[in-house]
Amino acid sequence: MIKDIVRDLANRDQHHLRLRFQVGLGVILFCFCLFTATVIYHFQKRLLEEETAIQTHLVMTTLESTRGYIREVLRPKMFEALGEDHFMLEAMSTSYITRVIMDRFGEQIPTFRYRRVALDARNPIFEADEQEREMIAFFKRTPDLVEQQGMSRCKTGQAFTLYRPVVFLSSCLHCHGKPGDAPSAIRDQYGAKRGFYRQENEIAGLLSISIPLDTSLAQIRNTSLRMFGSTILVALLLYATIWLLFHQLILTNLRDVLTLFRSNLTTDTADLEFRHRQGHREELAELFVHARTWWVT
């Protein structure tokens, strides 16, 4: 009778140990799969940011070179040829020319979004919005900072944006200083109220190049989910292999050792141990108790 009870207890203990091992192993492997997928997602996202930053810097540098050529070479030559009171928008305005260039650029590569805005802009279409005003104020607070970049959420979704402040130089004040000093062509076209009274080295505008990332981020998420599914399949195979190894090498031998100790105890001692261990499910602790009891007896 006692042997049957002890055998039943051993079987229940082994079942409890198996269940704890299965749950623990499953949780460990699941966390490993989740960790792997998360690391891959953040790594690909970081790589996307770096590649996008390189693209935006390349386009911005090209535009800055174009603006510098217009401001330092083409515009002085045009003033020399036409006179200080003449202004040809299509050949002398850096803002107009760069916008036209980016419009044509966007026809070929529509993923880029370019904006050149200002406070009290001559053309109200290019007046800075609330977010752009915050960036202009930020550059005013940190005049030593020449650019700011990073991922942000805009009206069209998440995008990577490179910002640079527009600083009015002395050469810009001929057209943006006092209205009376500006070419008559500018006053005739835009009036004498908006876009004037700038100061040298004043930050009153903003350049920005944005690349939408919603599509790329969705692809990264899909890749991470596929990787998570693949690692789950591998983890299931690993789970089955580890469980089979545990069952053959640990549980079988542990059952034999427990049976050996229990079968060598006297009936009274077995009754005592059964009452002492009833409801306990720690096989190694039980093995220690049986070993000590066997040694004492």
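Some observations on this one:
- Number of the exception - Glu107 against (1) modelled with pLDDT under 90; (2) surrounded by 15 or more Cβ atoms within 10 Å (Cβ to Cβ); (3) assigned to a helix (DSSP H, G or I): (2)
- Residue in the stretch 169-190 that is modelled with pLDDT of 90 or more and touching a helix residue (DSSP H, G or I) at 6+ places or on another chain (Cβ under 7 Å) present: no
Condition check ((1) surrounded by fewer than 18 Cβ atoms within 10 Å (Cβ to Cβ); (2) closer than 17 Å to Ala182 by Cα; (3) aliphatic (A, V, I, L, M)) across all residues:
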position: His57; (1), (2), (3): yes, no, no
position: Thr61; (1), (2), (3): yes, no, no
position: Gly68; (1), (2), (3): yes, no, no
position: Asp85; (1), (2), (3): yes, yes, no
position: Thr94; (1), (2), (3): no, yes, no
position: Ile97; (1), (2), (3): no, no, yes
position: Ala121; (1), (2), (3): no, yes, yes
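Conditions tested, residue by residue: (1) surrounded by 17 or more Cβ atoms within 10 Å (Cβ to Cβ); (2) modelled with pLDDT under 50.
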| site | (1), (2) |
| --- | --- |
| Pro212 | yes, no |
| Asn222 | no, no |
| Arg226 | no, no |
| Val234 | no, no |
| Asn253 | no, no |
| Thr259 | no, no |
| Asn264 | no, no |
| Leu272 | no, yes |
| His280 | no, yes |
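- Some residue of the stretch 110-126 being in a helix (DSSP H, G or I) and of a type in the set (Lys, Arg): no
- Residue ranges of strands (runs of 3 or more DSSP E) in the stretch 128-219 with at least 2 members under 27 Å from Ala91 (Cα atoms) and touching an Asp or Glu at 6+ places or on another chain (Cβ under 8 Å): 157-168, 202-212
- Once the stretch 112-157 is narrowed to residues that are touching a Leu at 6+ places or on another chain (Cβ under 8 Å) and at pLDDT below 90, the residue that is farthest from Cys175 (Cα to Cα) is Gly157.
- Scope the stretch 154-192; condition of a type in the set (Lys, Arg) and in contact (Cβ under 8 Å) with a residue 12 or more places away in the chain; matching residues: Arg164, Lys178
The values are calculated or read from the model by the stated rules, or taken from the named source; none is laboratory data. Here the structure is a predicted model, which means the values were calculated and not measured. Backbone-built Cβ (ideal geometry, glycine too); neighbour counts: all protein chains shown.
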